[in-house]
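Below is one structure, written out as structure tokens; the observations come after it.
Rule-based calculations on the coordinates, nothing more; no lab input. It should be emphasised that the depicted structure is a prediction, and the values quoted were computed from it without experimental measurement. With ideal geometry, Cβ positions are generated from the backbone for all residues, glycine too; neighbour counts draw on all protein chains shown.
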Amino acid sequence: NAGVTQTPKFQVLKTGQSMTLQCAQDMNHNSMYWYRQDPGMGLRLIYYSASEGTTDKGEVPNGYNVSRLNKREFSLRLESAAPSQTSVYFCASSGARGMNTEAFFGQGTRLTVV
Amino acid sequence: AQKITQTQPGMFVQEKEAVTLDCTYDTSDPSYGLFWYKQPSSGEMIFLIYQGSYDQQNATEGRYSLNFQKARKSANLVISASQLGDSAMYFCAMREVSQGGKLIFGQGTELSVKP
């Protein structure tokens, strides 16, 4: 049971380069999320998708774009990476918009922008 | 404004003792859910416990219980009989109906269990 799969696990980018973080879930979940985790800041929501074809900004969307390609996949794109985007990125999914459904997380992507 | 506040950056507890991790939240939505997650040093996020705003009783899951005080807008996690394996980061999170299902996290508390 794969759950939520993120690729890549590690990435080093140069300032100004672009890249896409991939996320796929096999639990038939409607909702998907992208977070970034920085020391002392907890997990901050970048973008959220309640269902296929919909996306919504989170707490820190600047510098990022997302695509909900289908129900399974939710990608996060950095068009022009900056050192401030050095972080650990987590993708998550949950079963419904119901209040009692927990989110399941991928293993994270450690991104360094130099 | 911070929606979820965890005021304890770090906590220490002696093995086999109980510990309370604080979480306060801010919402005007009558319908919301509160979650606690554990993140060990390996990095994965592990769901621990859930409390709904309309739940009459405090949630419990094994050694974890949630001290839910709705009027004070607090949802503290209580870990009983601490074990060395409980050393980790702990995050409180909230989902509000009015926000369409977004799950927002607090800053986290790092718990260290001493032998």
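Antiparallel DSSP bridges in the protein assembly as shown: what percent, to the nearest 5? Given both bridge residues lie in the protein assembly as shown, the antiparallel proportion sits at roughly 90 percent. Residues in the range A:89-95 carry Karplus couplings, in order, of 10, 10, 9, 9, 9, 9, x Hz; the curve used is 6.51 cos²θ - 1.76 cosθ + 1.60 with θ = phi - 60°, and Gly or Pro positions show x. Near residue A:58, the amide H atoms lying under 5 Å from its own belong to A:47, A:48; only residues 5 or more places off or on other chains count, and H is placed 1.01 Å from N.
Here the 3J(HN,Hα) profile of the range B:81-95, calculated from phi with Karplus coefficients 6.51, -1.76 and 1.60 at θ = phi - 60°, is 6, 3, 10, 4, x, 7, 4, 4, 8, 10, 10, 9, 9, 9, 10 Hz, Gly and Pro shown as x. Database remark: amide H of residue B:103 closer than 5 angstrom to no amide H (H placed geometrically; neighbours at sequence offset of 5 or more, or on other chains; Pro and chain starts carry no H). Phi-derived couplings, Karplus 6.51 cos²θ - 1.76 cosθ + 1.60 at θ = phi - 60°, listed residue by residue for the range B:99-109: 9, x, x, 4, 10, 10, 10, x, 6, x, 10 Hz, with x used for Gly and Pro. Which of the listed residues, B:56, A:53, B:103, is farthest toward the dipole's positive end in the protein assembly as shown, when Lys, Arg count +1 and Asp, Glu count -1 at the beta-carbon? The listed residue farthest towards the positive side: A:53. Within the listed set A:90, A:104, A:74, the Gaussian network model of chain A (springs between alpha-carbon atoms below 10 Å) gives the highest mean-square fluctuation for A:104.
Proximity of backbone amide H atoms, modeled 1.01 Å from N, is registered between residue B:18 and B:81, B:82 at under 5 Å, excluding neighbours fewer than 5 places apart on the same chain.
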